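Q: Mind having a look at this structure? Questions to follow.
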Amino acid sequence: GSTALLERLDEVLCRDRIDALLPCLDAELPNFMAIAEPLKQRGIRLLLPQRAQLRRRDKDRLPALCADAGVATPAVRRLTDEGFFDHCGAEGWPFPLVIKSVFYDAWIVHSAPEARQRYRQVVATWGYPVLIQKYVYGDEVNLTALGDGSGAMIGEVMIRKQAVTDKGKAWAGVAIDDPELQEAGRRLFHSLKWRGPLELEMLRDAAGTLQLIEINPRFPAWIYLSHGVGRNLPAALLAMMNGALPEQLDLAPPRPGTSFIRHAQETIVSLDEIATLAASGSTLRACAPASLAA
């Protein structure tokens with residue numbers, strides 16, 4: 001929870017200075033919101049959305065948000081009973097379907113047995129509720145940008161995924177210039193009045209309509225591409241934390257056609273380091289938190 005997070009950050013602060021924090025996981029945001037004021041007292045800057053903004057982009061609330069913004073999105077439904085999959089087709093939910101948690105993970109399922117398996121997996125990992133979303137056939141495009149809290153979309157970078165993992169995460173992609181995606185992003189940022197980084201995941205269906213699949217309240221894993229196209233959004237976010245206005249940010253016109261490929265890297269460690277990391281969450285020896293009065 002937020003208390004444990006603050007205690008852990010105090011342990012880090014006794015060794016290192018932290019000027020700013022950029023949350024990278026959806027589930028982290030409520031905890032950082034809860035300790036925003038104590039972190040400010042410690043000299044740590046954040047740029048976070050309001051709780052109401054965060055709730056509006058919840059996966060099960062996308063239809064209401066998209067109706068307000070004038071953007072298409074597939075139907076979504078909360079589930080607490082896996083028996084639904086035995087008769088889902090009769091209720092207007094034919095396979096394939098997408099099964100999701102409210103935080104992370106998404107699986108495309110093609111039958112009732114497969115759906116029940118993924119349903120139980122989501123419950124075991126993330127708990128209830130489980131969400132189902134109607135599956136959209138199409139090409140995935142993503143947009144990431146910064147929001148200033150008043151409805152503006154700043155420094156948008158758009159990609160088309162070219163290779164994905166089994167969970168649909170981008171392993172390779174290319175920067176694009178897509179006016180329709182840009183306009184959808186502008187409408188959503190305006191409706192949300194978002195503050196901080198945001199990622200939109202959309203699919204262009206067979207009719208050419210862009211459908212919003214998810215909104216992630218942080219930078220995507222492919223954010224390094226923003227540097228590659230001349231729009232270093234993490235650097236721009238730090239500048240905004242330091243008081244820079246949107247017109248003062250160093251944001252070059254993006255360069256469509258710039259590509260990225262992700263790779264994995266092995267790190268050599270000892271068994272002692274692995275044991276220490278598993279036991280304490282750190283390879284460093286703990287120390288007493290520094291006093292705020294210091």
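The values are calculated or read from the model by the stated rules, or taken from the named source; none is laboratory data. Just so you know, these numbers come straight off a predicted model, no measurement behind them. Ideal geometry is used to build each Cβ from the backbone, glycine not excepted, and the neighbour counts take in all protein chains shown.
Q: With Arg262, Arg285, Arg231 as the choices, which residue is among the charged types (D, E, K, R), modelled with pLDDT of 90 or more and at negative phi?
A: Details: Arg262 fails: modelled with pLDDT of 90 or more; Arg285 fails: modelled with pLDDT of 90 or more.
On inspection, the qualifying residue turns out to be Arg231.
Q: Counting only residues that are of a type in the set (S, T, N, Q) and free of Cβ contacts under 8 Å to residues at least 60 places away in the same chain, which one in region 229-281 is farthest from Asp19 (Cα to Cα)? Please lay out each step first, then the result.
A: Step one: of region 229-281, the residues of a type in the set (S, T, N, Q) are 232, 242, 248, 258-259, 265, 267, 270, 276, 280.
Cutting the leftovers down to free of Cβ contacts under 8 Å to residues at least 60 places away in the same chain gives us 232, 248, 265, 267, 270, 276, 280.
Working: Asn232: 18, Gln248: 20, Gln265: 28, Thr267: 28, Ser270: 31, Thr276: 27, Ser280: 24 Å.
Across region 229-281, the extreme among qualifying residues is Ser270.
Q: Pairs under 8 Å by beta carbon, first residue surrounded by 12 or more Cβ atoms within 10 Å (Cβ to Cβ) in region 78-92, partner acidic (Asp, Glu), six or more apart or different chains?
A: Arg78/Asp60; Phe84/Glu91
Q: So Gly43 ticks every box in (1) surrounded by 15 or more Cβ atoms within 10 Å (Cβ to Cβ); (2) assigned to a loop (DSSP other than H, G, I, E, B) but one. Which box is left unticked?
A: So the condition that Gly43 fails would be (1).
Q: Have a look at Leu237, Leu233, Leu200 and point out the one that is in the same structural domain as Pro179 (by the TED database), closer than 23 Å to Gln133 by Cβ, within 18 Å of the chain's Cα centre (by Cα) and surrounded by 16 or more Cβ atoms within 10 Å (Cβ to Cβ). Can you show your working first?
A: Details: Leu237 fails: closer than 23 Å to Gln133 by Cβ; Leu233 fails: closer than 23 Å to Gln133 by Cβ.
Going through Leu237, Leu233, Leu200 in turn, just one is in the same structural domain as Pro179 (by the TED database), closer than 23 Å to Gln133 by Cβ, within 18 Å of the chain's Cα centre (by Cα) and surrounded by 16 or more Cβ atoms within 10 Å (Cβ to Cβ): Leu200.
Q: OK, next. Filter region 25-67 down to residues that are of a type outside the set (Gly, Ala, Ser) and in contact with a Phe, Trp or Tyr (Cβ under 7 Å, 6 or more places away or on another chain), then give me how many there are. Break it down into steps so the answer makes sense when it comes.
A: Our first condition is that a residue be of a type outside the set (Gly, Ala, Ser); within region 25-67, this holds for 25-26, 28-33, 35, 37-42, 44-51, 53-63, 65-66.
Retained after the next criterion (residues that are in contact with a Phe, Trp or Tyr (Cβ under 7 Å, 6 or more places away or on another chain)): 26, 46, 48-49, 53.
Residues flagged as of a type outside the set (Gly, Ala, Ser) and in contact with a Phe, Trp or Tyr (Cβ under 7 Å, 6 or more places away or on another chain) within region 25-67 amount to 5.
Q: Which of the following residues is assigned to a strand (DSSP E or B), in the same structural domain as Pro234 (by the TED database) and either surrounded by 14 or more Cβ atoms within 10 Å (Cβ to Cβ) or in contact (Cβ under 8 Å) with a residue 60 or more places away in the chain (or both): Ile154, Ile108, Ile99? Even if it seems obvious, please write down each step before you answer.
A: Working: Ile108 fails: in the same structural domain as Pro234 (by the TED database); Ile99 fails: in the same structural domain as Pro234 (by the TED database).
When all the criteria are applied, what remains is Ile154.
Q: Does region 45-77 hold any residues that are basic (Lys, Arg) and touching a Leu at 6+ places or on another chain (Cβ under 6 Å), and which are they?
A: Result: Arg56, Lys59.
Q: With the structure loaded, tell me whether Lys134 is in contact (Cβ under 8 Å) with a residue 24 or more places away in the chain, more than 24 Å from Trp194 (Cβ to Cβ), of a type in the set (D, E, K, R) and surrounded by 14 or more Cβ atoms within 10 Å (Cβ to Cβ) or whether it fails that test.
A: Numbers: in contact (Cβ under 8 Å) with a residue 24 or more places away in the chain: yes; more than 24 Å from Trp194 (Cβ to Cβ): yes; of a type in the set (D, E, K, R): yes; surrounded by 14 or more Cβ atoms within 10 Å (Cβ to Cβ): yes.
Yes.
Q: Which is modelled with pLDDT of 95 or more, farther than 24 Å from Asp58 by Cβ and not charged (D, E, K, R), of Met240, Met158, Met202?
A: Met240
Q: Output the number of the condition that Glu37 fails; it satisfies all remaining conditions of (1) without any contact (Cβ under 8 Å) to a residue 12 or more places away in the chain; (2) closer than 30 Å to Tyr137 by Cβ.
A: (2)
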